[in-house]
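Report on the following structure.
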Amino acid sequence: MGMSMNVSLLKAKIIGFGEATLSIDNDKGFSIVSEFRKRRIVDGVAMPHRNMVLISVNFRKGVRGLPGVFKRGSLLYSPLFDSLVVVLRDFDSREQNYIEVGTVEEGLEIFDKLKNIVKIRITLL
């Protein structure tokens, strides 16, 4: 049984831009996945910020991030911003601001196009 079996897929519909598929590792992102299972649909906003896009989720998970090197296409959770984070360019973080929880499976290029805050709807597949 490989890693691929232990993920939950989310559909992210970026209003006016298209759809992306996100996968969350059920172990690393356990609390995130459980929130999506409870709510089914999460409406928020996607906001470009430096080398990433922040997606507001309102989960308020009191967890600490870890320092690390995060690669383009990684999906992180930021307790600081209470957001899912799509990494657009590799970056090195020394702060404990992020937890890597998954990847963008499809549609990463859509996040590259965002210049302003847009509405987003994320649904558990």
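In the list [x] 24.3, 87; [y] 22.9, 75; [z] 13.2, 41, the label attached to Rg and Dmax of the Cα atoms in Å as derived from the coordinates here is [z]. Taking every lysine pair in the chain that is 8 or more places apart or spans two chains, those with Cα atoms closer than 26 Å amount to 24.
Ordering 77, 98 from the fewest to the most neighbouring beta carbons within 10 Å gives 98, 77.
The order of 76, 66, 84, going from fewest to most other C-beta atoms within 10 Å of their C-beta, is 66, 76, 84.
For every helix of n ≥ 4 consecutive DSSP H residues, a contribution of -39,500 (n - 2.57) applies; sum these over the chain, divide by its total residues, and give [θ] at 222 nm rounded to the nearest 500 deg cm²/dmol.
-3000 deg cm²/dmol
Could you calculate the contour length gain from residue 15 to residue 63, that is, 0.36 nm times the residue separation minus the distance between their Cα atoms, to one decimal place in nm?
14.3 nm
No value in this document is a laboratory result; all are computed from the given coordinates. None of these values were measured; they are calculated from a predicted model. For neighbour counting, all protein chains shown are included, and Cβ atoms are generated from backbone atoms with ideal geometry for every residue, glycine included.
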